[in-house]
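Read through the structure below, which is laid out as structure tokens, and then see the notes.
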Amino acid sequence: MTTSADQIESALSALSDSHDRLAAAAAKAAGNGVTGPSYCTDWSIAQVLSHLGSGAEIFGLNVEAGLHGRPAPGQEQYQHVWDVWNAKSPQDQARDGVAEDGELVEQLAALTPEQRMSWRLDLFGSERDLLGVLLLRLSEHIMHTWDVEVMVDQQAMLPGDASGLALDFLPELVAYVGKPTGEELTVHVTTEHPERSFELAIGPDSVVLAKTGPEPAAGDATLRLPAEAFARLLTGRLDPEHTPAVQAQGVELDQLRAVFPGF
């Protein structure tokens, strides 16, 4: 399917909005100390912000590479970026992470319409256009922003527009993050706000998520839930304390939580 200028603009707008949410959440979290825990059990809030900051720096390098027809930077350059960020104090990680993330948003906004449409880069084994890498960044960004937000607001949810965009990328991710549990199960998933339809096929050795029609096949389990909740489920962020009302037949959420333990 051909990428349109409007699709790129929507992704850029969603990423900018997510940055604003991140900055606001980081400011609130600073009152309790950024060394406190984030929703990611292995990371403090400062470490989440450092991850997004180093990721923004690396993403910026990739943007420049694609813009000028150069190969993507290699692992050695990425590792140098991570080493620099890991050596920062928690306070510097938090402050610089938000700042670097904002600079990336400005860098992307400065691309001309022609540059946005012509941009290409070989990344993760395939050639990607700008929309493809924006959705990759957005999918990660809204999740880690929520990891910070939910520590200061237990009712925090992912933004609906960004969740819809992320769901366009998450089928690619599911093949890597889904963990087969030994049972076979096919679930027809319908999301709300925005509306999407998917078939989630869990096999003994694989997990596949694909877009499908609005009606389930005979015998399929069904699941209906908000798009933001489904995006969180696929990334291990739909624990019982942060689960909205859902409609499920033939499947239990705990079965799916076991398939998607998070990353």
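The values are calculated or read from the model by the stated rules, or taken from the named source; none is laboratory data. Quick caveat: nothing in here was measured; it's all calculated off a predicted structure. Neighbour counts run over all protein chains shown; Cβ positions are idealised from the backbone, glycine included. What goes into the accessible areas is simple: the full protein's heavy atoms, side chains included, and nothing from ligands, DNA or RNA. Shrake-Rupley method; radii C 1.70, N 1.55, O 1.52, S 1.80 Å.
Condition check: aliphatic (A, V, I, L, M) and at pLDDT below 95. Does L134 satisfy that?
no
So which residues in the range 108-118 are exposed (fewer than 15 other Cβ atoms within 10 Å of the Cβ) and in a helix (DSSP H, G or I)?
Residues satisfying the conditions are A109, P113, E114, Q115, S118.
Restricting attention to the range 200-211, does a residue exist that is surrounded by 13 or more Cβ atoms within 10 Å (Cβ to Cβ), out of contact with any Cys (no Cβ under 7 Å at 6 or more places or on another chain), of a type outside the set (A, V, I, L, M, F, W, C) and in contact (Cβ under 8 Å) with a residue 24 or more places away in the chain?
no
Residue under question is F263, and the condition is that it be open to solvent by 10 Å² or more (accessible area, probe 1.4 Å) and free of Cβ contacts under 8 Å to residues at least 40 places away in the same chain; does it hold?
no
Can you list the helices (runs of 4 or more DSSP H) found entirely within the range 1-107 that contain at least 2 residues being free of Cβ contacts under 8 Å to residues at least 12 places away in the same chain?
Output list reads 5-30, 75-86.
Check L121, L136 and return the single one that is open to solvent by 30 Å² or more (accessible area, probe 1.4 Å), hydrophobic (A, V, I, L, M, F, W, C) and closer than 30 Å to H68 by Cβ.
From the options L121, L136, the qualifying one is L136.
Do you know which residues across the range 53-91 are among the charged types (D, E, K, R) and open to solvent by less than 50 Å² (accessible area, probe 1.4 Å)?
Within the range 53-91, no residue meets the criteria.
Search the range 13-40 for residues being of a type outside the set (G, A, S) and open to solvent by less than 20 Å² (accessible area, probe 1.4 Å), and hand back the single one that is farthest from Q115 (Cα to Cα).
V34
Given the conditions (1) more than 30 Å from P240 (Cα to Cα); (2) free of Cβ contacts under 8 Å to residues at least 40 places away in the same chain, which single one is not true for L136?
Result: L136 passes all but (1).
Say whether the condition of being open to solvent by 60 Å² or more (accessible area, probe 1.4 Å) and assigned to a helix (DSSP H, G or I) is met by at least one residue in the range 180-198.
no
Checking S10 against (1) within 16 Å of L111 (Cβ to Cβ); (2) surrounded by fewer than 15 Cβ atoms within 10 Å (Cβ to Cβ): exactly one of these is not met. Which one?
For S10, the exception is condition (2).
Which residue out of A258, A231, A227, A218 is open to solvent by 30 Å² or more (accessible area, probe 1.4 Å) and either without any contact (Cβ under 8 Å) to a residue 24 or more places away in the chain or closer than 21 Å to H193 by Cα (or both)?
Of A258, A231, A227, A218, the one residue that is open to solvent by 30 Å² or more (accessible area, probe 1.4 Å) and either without any contact (Cβ under 8 Å) to a residue 24 or more places away in the chain or closer than 21 Å to H193 by Cα (or both) is A218.
Restrict the check to the range 158-172 and report whether at least one residue is touching a Cys at 6+ places or on another chain (Cβ under 7 Å), under 30 Å from L225 (Cβ atoms) and surrounded by 19 or more Cβ atoms within 10 Å (Cβ to Cβ).
There is no residue in the range 158-172 that is touching a Cys at 6+ places or on another chain (Cβ under 7 Å), under 30 Å from L225 (Cβ atoms) and surrounded by 19 or more Cβ atoms within 10 Å (Cβ to Cβ).
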